[in-house]
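Here the structure comes first, spelled out in structure tokens, and everything after it is commentary.
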Amino acid sequence: MGMNSLTDKHSESYFRALLCPLVRNMAIRHKLVVVIMLTCMIALFLAAVIFISYQYFDTRNEMIQKLKTQADMIGYNCQAALVFDAPKDAEDILGALIVEPSIVYACILNPAGQIFAEYQCGEEVFSPKLMKFRSGYLSISHTIRDETGESLGSVLVWSDLRNLYRMFVRYVIISLGIIGLVALVAFVLSSQIQGIISAPILELNDVAQAVSDKKEYSVRAIKHNNDEIGHLIDSFNGMLEQIQERDLALVAANEKLEDRVQERTTKLSNTNEQLKAEIGHRNRVEEALR
């Protein structure tokens, strides 16, 4: 369990390290589109690789089975030609392979390993020794035995893989076309659907910007869903409410303080007037006494 969680964390950190430099400065709506597109592309690519690989190896196995069957039939039909030393009959039997354009060369070897009869497609020169070192061909060897199980020779068949390669290229082109079409559809859909996640976050960002610029603590973000973003909006609105209450309390305290200051100022002014009047009265009394 511990090892699995460690591996998951390592994979997650690897993907984050790979993606963060690419999407770090993007808007959140663009990040969502990129993540959705990237997920779709990776999934489609893996599906295409698995499908093409399966088709390639499955078709190759079918070719091998078909070549084995043809080699068995040729060996069975050439038993009499090997027993009676009739290479012309064996060549006629091999000539039936002309209906299979993929088979480029076939030969029958006698028990001594020498060529008894052979067949080749086209004018190109083939030989068992040269064919062993040529790539792009599939070879099958079958031992020819009589009814007693004694070896009469062997049959070798070579088939080129052009049809297999063409099939592989065709599947690659089809897969790329499908990936491109699905990528276009995924881009259009993700551009529309990303608003489900990005719209509440963008609205919350607008409210936060208004609060920061205009000091308007009475505004509130609208909650659309009860998910994590909804809980975040609730917490943000609660924070704004607390700030607004503290702001109102601070304004009320400031107003009370101003009233007290004004009251004290008035009292001081009255006291000063009284002191001035008393001083004037004393001065007049002193003048009169003098």
key: Estimated FRET transfer efficiency (A43, I196; beta-carbon r; R0 30 Å; 0.05)   = 0.90
key: Measure of compaction for the chain (Cα Rg per 2.2 N^0.38 Å)   = 2.47
remark   = Of all C-alpha pairs within the range 80-237, those more than 27 angstrom apart amount in percent to 59
message = Less than 15 Å Cβ to Cβ from N270, Lys/Arg counted +1 and Asp/Glu -1: what total charge do the surrounding residues give?
response = 0
query = Relative to the present Cα-Cα distance, how much length would full extension add between L232 and T143 at 0.36 nm per residue of separation?
reply = 24.3 nm
task = Anything in the chain that counts as a DSSP H helix reaching 15 Å or more along its axis (C-alpha) with Kyte-Doolittle mean of at least -0.5? List them, would you?
result = 2-23, 28-77, 162-193, 195-214
ask   = How big is the charge dipole of the chain about its Cα centre, in debye rounded to the nearest 20, if each Lys and Arg gets +1 on its Cβ and each Asp and Glu gets -1 on its Cβ?
value = 1280
note = In nm, the gap between the two label points placed 7 Å beyond Cα toward Cβ at F84 and I64 is 3.7
query = Can you give the extra length, in nm with one decimal, that the chain gains between R282 and A208 once fully stretched, where that is 0.36 nm per residue apart less the Cα-Cα distance?
reply = 19.9 nm
message = So if a site counts as exposed when it's one of the chymotrypsin sites (Phe, Trp or Tyr not before Pro), its DSSP state isn't H, G, I, E or B, and it has at most 15 other Cβ atoms within 10 Å, what's the longest stretch of the chain without one?
response = 134-290
inquiry  = Given the whole protein assembly as supplied and a 1.4 Å probe, what does the accessible area of V261 come to in Å², nearest 10?
reply    = 80
key: Carbon + sulfur, % of accessible area of the chain - ligands and nucleic acids excluded, 1.4 Å   = 60
ask   = Taking +1 at the Cβ of each Lys and Arg and -1 at the Cβ of each Asp and Glu, which of L97, A252, L268 sits farthest along the dipole of the chain towards its positive end, judged by Cα position relative to the Cα centre?
value = L268
inquiry  = Going by Cα centres, the range 172-239 and the range 255-276 are how many Å apart?
reply    = 57
query = Leaving out ligands, DNA and RNA but keeping every protein chain, what accessible area does E62 have, in Å² rounded to the nearest 10, with a 1.4 Å probe?
reply = 110
key: Kirkwood-Stokes translational diffusion coefficient of the range 144-290, alpha-carbon pairs, 20 °C, 1.002 mPa s, µm²/s   = 83
ask   = Which value, in debye to the nearest 20, describes the size of the charge dipole of the range 224-290 about its Cα centre when Lys and Arg Cβ atoms bear +1, Asp and Glu Cβ atoms bear -1, and nothing else is charged?
value = 960
key: Mean accessible surface per residue for the chain, computed with a 1.4 Å probe while every protein chain stays in place, in Å²   = 72
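The values are calculated or read from the model by the stated rules, or taken from the named source; none is laboratory data. Only a predicted model underlies this, so the values are computations on that prediction, with no experimental measurement involved. Note that each Cβ is placed from the backbone with ideal geometry, even for glycine, and that neighbours are counted across all protein chains shown. Calculation scope for accessible area: heavy atoms of the full protein, side chains included, ligands and nucleic acids excluded. Shrake-Rupley method; radii C 1.70, N 1.55, O 1.52, S 1.80 Å.
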